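Here the structure comes first, spelled out in structure tokens, and everything after it is commentary.
The values are calculated or read from the model by the stated rules, or taken from the named source; none is laboratory data. Bear in mind the structure is a predicted one, so any value in this text is a computation, not a measurement. Note that we place each Cβ from the backbone using ideal geometry, even for glycine, and neighbour counts take in every protein chain shown.
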Amino acid sequence: MSYSFFHKNRHWLLRFGQLLLGTFILSFGALFNEYPFLTGDSSVYITSGFDMVVPDERPIFYGLFVRFFSLGMSLWFVVFFQNFILSFLIHRVVRLMFPLDCRWLFLPVILLTVCFTGVIWEGGKIMADIFVSYALLTLLLLFFERASSKWLYAFYLLLFFVSAITHYSHLMISSVVVLILLVIRIFRLKELGYGKLGWLAATSILAWFTVGFSNYLSDKGFRLTTTSHAFIMGKLSENGILQTYLDDKCGTNNYKICRYRDSLPETAWLFVWNPVSPMLKTGGWQENKKEYQAIIKGTFSEPKYLWMHFYKALLTTGIQLTQVTSGEGIYRFETYDNCMQAVSQKFPHEKSASMWTRQRLKELAFHTYTGWYILFFLLSSALAISIAMKNGMGRDFVAAYLLVILFLVVNAFITANFANISNRLNARLFWTLGFMNLLFLLHSAINIYRNVLNRFDLVKHQSKP
């Protein structure tokens, strides 16, 4: 009976085994580190989910993801489940881009992606970052997978929804991309149809409502966030607009921050998080809300500052797109740091393991890895462009590349202008461009191989008497 079951379901079991092996390969970064990667934000995610407290600066939903999928036992389960989802999505993309007799390429693609892109540092982190990649891959599948079942289509929409609600930046990025696609559909791509875009738009609206409602249940009001003024002020400090505005206005306005106009932090994260920042010195986030909102409104009310906003937005977006180094935020933590304390409190049996990692011992050569990834990206891009110029590129590949690039640009614009310029915020998604290069080069190699075989068979057939 057991043999009959395995024989009857061998294709499903084989596929599941492939996904598990893909999960293991994608988890190699964390396994090599000997524990999931922790960052300065990991503590908030861990504690918010277990304590059921909505943080001021981010949604609670990735925290709930950590709580549920850790099984209350280990952060390893979180990493494995994150990478299982990624393994599944990559598997579907490979099925989409290659013919039926080349589906065996899934594991080689996973292995090559791990070797030549920074994906293993993303899925191994206790961070919501990997979910923005889910949103992009889900969009690729929704638009190009033409034979999806209703259940699979519903799963893609669900994953797109969950990806959006795990972080405010994900929510904004996914919504802006859907809006741009709707505009493109209206003016150009009529064959795309309104059905999929309509469902995506409804999913995005539901995501905004869900985040707002979670804040409402936490007595924060039915709104997206109560701290946007702090982050925007941090960005204004980083890009220099705040300095210019205060130089012009402090003579006629009694702003508290005027006392610090000559010592404003150079980066947004220092303005928001540094204990000696002007914001925290003058009472904190909520104490300064009214003043900061007035200043922000002022910078958008006069042409001089509007032009500065426009120029800085383009500049910072371009700068963000070049931030492709790996390992941002993965640095040594001391035992008294928040992330180590969160592990000690919620997973006490893993305290020793979290202390004895390559991350804490500074044994991860991210500069070497980054150089390797950039070299591959440049060489693979040059080769892909030369092949495309000579042999052309299939319509689906062109559209997929354009969607990936659109997502990257929107990600850079949102993060650079509403948060801060950061390697982490660009590198979390940049790996998908190298992944697309791999798919295209493999696809081209298979076509070349088949053409050679066809010519050989033709010559062999003609040479017969």
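Would you confirm whether any residue within the range 217-225 is of a type outside the set (A, V, I, L, M), modelled with pLDDT of 90 or more and out of contact with any strand residue (DSSP E or B) (no Cβ under 8 Å at 6 or more places or on another chain)?
no
From the list W269, W199, which residue is under 24 Å from the mean Cα position of the chain (by Cα) and over 30 Å from F143 (Cβ atoms)?
Going through W269, W199 in turn, just one is under 24 Å from the mean Cα position of the chain (by Cα) and over 30 Å from F143 (Cβ atoms): W269.
Could you identify the single residue in L26, L38 that is in contact with a Cys (Cβ under 6 Å, 6 or more places away or on another chain) and assigned by TED's automatic domain parsing to the domain that holds R395?
The unique qualifying residue is L38.
Is it fair to say V109 is crowded, with 23+ Cβ neighbours inside 10 Å and within 22 Å of the chain's Cα centre (by Cα)?
Taking the combined requirement at face value, the residue does not satisfy it.
Of all residues in the range 294-326, count the ones that are in a helix (DSSP H, G or I) and either among the β-branched types (V, I, T) or over 29 Å from the mean Cα position of the chain (by Cα) (or both).
Matching residues across the range 294-326 total 14.
For S43, indicate whether it is within 26 Å of Y331 (Cα to Cα), assigned by TED's automatic domain parsing to the domain that holds G434, buried (at least 20 other Cβ atoms within 10 Å of the Cβ) and in contact with a Cys (Cβ under 9 Å, 6 or more places away or on another chain).
Taking the combined requirement at face value, the residue satisfies it.
Any chance the range 286-296 includes a residue that's within 19 Å of A416 (Cβ to Cβ), touching a His at 6+ places or on another chain (Cβ under 7 Å) and modelled with pLDDT of 90 or more?
Looking through the range 286-296, at least one residue is within 19 Å of A416 (Cβ to Cβ), touching a His at 6+ places or on another chain (Cβ under 7 Å) and modelled with pLDDT of 90 or more.
Out of the residues in the range 420-454 meeting the condition of being of a type in the set (S, T, Y) and touching a residue at least 40 places away in the same chain (Cβ under 8 Å), tell me which one is farthest from T113 (Cα to Cα).
Top of the filtered list is S422.
What are the pairs, 6+ residues apart or on separate chains, where a residue within the range 331-345 that is in contact (Cβ under 8 Å) with a residue 60 or more places away in the chain has its Cβ under 6 Å from a residue that is hydrophobic (A, V, I, L, M, F, W, C) and assigned to a helix (DSSP H, G or I)?
Here the result reads F333/C339; F333/M340; A342/I46, each pair linking the range 331-345 to a residue that is hydrophobic (A, V, I, L, M, F, W, C) and assigned to a helix (DSSP H, G or I).
Among the helices (runs of 4 or more DSSP H) confined wholly to the range 357-461, which include 2 or more residues that are more than 30 Å from A268 (Cα to Cα) and more than 17 Å from the chain's Cα centre (by Cα)?
In the range 357-461, the matching helices (runs of 4 or more DSSP H) lie at 366-391, 395-418.
So which residues in the range 344-385 are surrounded by 14 or more Cβ atoms within 10 Å (Cβ to Cβ) and in contact with a Lys or Arg (Cβ under 6 Å, 6 or more places away or on another chain)?
Scanning the range 344-385 gives S344, R360, L364.
Considering (1) under 21 Å from Q320 (Cα atoms); (2) under 21 Å from the mean Cα position of the chain (by Cα); (3) free of Cβ contacts under 8 Å to residues at least 60 places away in the same chain, say which one I173 fails and leave the rest.
(3)
Any chance you could count how many residues in the range 211-227 are in contact (Cβ under 8 Å) with a residue 60 or more places away in the chain and within 26 Å of the chain's Cα centre (by Cα)?
Residues that pass the stated criteria total 6.
Check the range 244-252 and report whether any residue there is within 22 Å of H167 (Cβ to Cβ) and surrounded by 15 or more Cβ atoms within 10 Å (Cβ to Cβ).
no
The rows are residues; the columns are (1) crowded, with 24+ Cβ neighbours inside 10 Å; (2) of a type in the set (A, V, I, L, M, F, W, C); (3) part of a helix (DSSP H, G or I); (4) assigned by TED's automatic domain parsing to the domain that holds S163.
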residue	(1), (2), (3), (4)
T47	no, no, yes, yes
G63	yes, no, yes, yes
W76	no, yes, yes, yes
F81	no, yes, yes, yes
F84	no, yes, yes, yes
